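Since the structure comes first, as structure tokens, the remarks are kept for the end.
The values are calculated or read from the model by the stated rules, or taken from the named source; none is laboratory data. Please read all numbers here as calculations on a predicted model, not as lab measurements. Cβ sites come from the backbone with ideal geometry, for glycine too, and all protein chains shown count toward neighbours. Accessible surface areas use protein heavy atoms only, side chains included; no ligands, DNA or RNA. Shrake-Rupley method; radii C 1.70, N 1.55, O 1.52, S 1.80 Å.
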Amino acid sequence: MRRVSREEAARATTPPGPYEWDDYRCEHGVNQLDDEIDEIVADPTLTMYEVELRLAEVGALVDRAEHGELSPLKEHKPVNVDPEIWEIRFTFGSQPFRIYYAEPQDFPKLLLGLKAHFKDVTGSEAQIRMRQNQQMSKAANRYHAGRTREWLGDPRLVGHSCHAKCVDP
């Protein structure tokens, strides 16, 4: 019997699904992944059509993840900073874009979006790796910090504007 690699065992690459994607929310209930994606696609040099196209691309990618249809290693791989965090990889034009997410063991149908960013590919290989590892670490920190509240925020605080007060793990 062939041994299945970690890359092949991920929910996002294992049909048939369906799995359910949900985004991490800070303790105040603010969807930080949505905020990051909005900042990324709202490039002032883009037309409204281009912004909508980027949002549709992200939505299609998440939909494919929910159905277990991402390609291992090409579009999806484990990260090196935490064994519970995965990376979804694609590009907008020539800009590498990353979404980090988790597949919590206690929730067998959940894909939990944690962090999104453009990969900065300027500088030396070591600098590129260091910056990307920082982004991966932020995703891992969100995952572990939010576990006790199941990543959904404290319902008593929902609606609070956390941008000025919430400490992002």
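3J(HN,Hα) couplings calculated from phi for region 10-18 with the Karplus curve 6.51 cos²θ - 1.76 cosθ + 1.60 (θ = phi - 60°) are, in sequence order, 5, 4, 5, 10, 10, x, x, x, x Hz; Gly and Pro show x.
I want the local charge near ASP63. Using Cβ-Cβ distances under 12 Å, sum +1 for each Lys or Arg and -1 for each Asp or Glu among the other residues. Spelling it out: positives minus negatives among the neighbours equals -3. Remark: region 1-114 carries a charge dipole of roughly 740 debye about the Cα centre, counting +1 on each Lys and Arg Cβ and -1 on each Asp and Glu Cβ. Evaluated over the Cα positions of region 85-142, the convex hull gives a direction-averaged projected area, one quarter of its surface, of 4.3 nm².
For PRO104, neighbours were defined as the other residues whose beta-carbon sits under 9 Å from its Cβ, and their charges (Lys and Arg +1, Asp and Glu -1) total -3. The lysine pair tally for the chain, using Cα distances under 21 Å and a gap of 8 or more places or different chains, is 10. A convex hull fitted around the alpha carbon atoms of the chain yields 139 Å³ per residue. Accessible surface for the chain, divided over its residues, is 56 Å² per residue with a 1.4 Å probe. A simple spin-label model places pseudo-atoms 7 Å from Cα toward Cβ; at PHE118 and SER71 they are separated by 2.4 nm. With a Förster radius of 35 Å applied to the beta-carbon distance between LYS109 and ASP38, the computed FRET efficiency rounds to 0.85.
Rounded to a whole number, what % of the accessible area of the chain do carbon and sulfur atoms account for, probe 1.4 Å? For the chain, the apolar C and S fraction of the accessible surface comes to 54 percent. In region 7-74, taking the dipole from charged Cβ atoms about the Cα centre, the farthest positive-side position among PRO72, ALA56, TYR19 is held by PRO72.
Annotation: amide H of LYS119 within the under-5 Å range of PHE97, ARG98, sequence separation 5 or more or interchain, hydrogens built in the peptide plane. Note on the chain: GNM, Cα springs under 10 Å; of VAL30, VAL121, VAL81, the largest mean-square fluctuation is that of VAL121.
The residues packed around THR91, meaning those with a beta-carbon under 12 Å from its beta-carbon, carry a net charge of +3 if Lys and Arg are +1 and Asp and Glu are -1.
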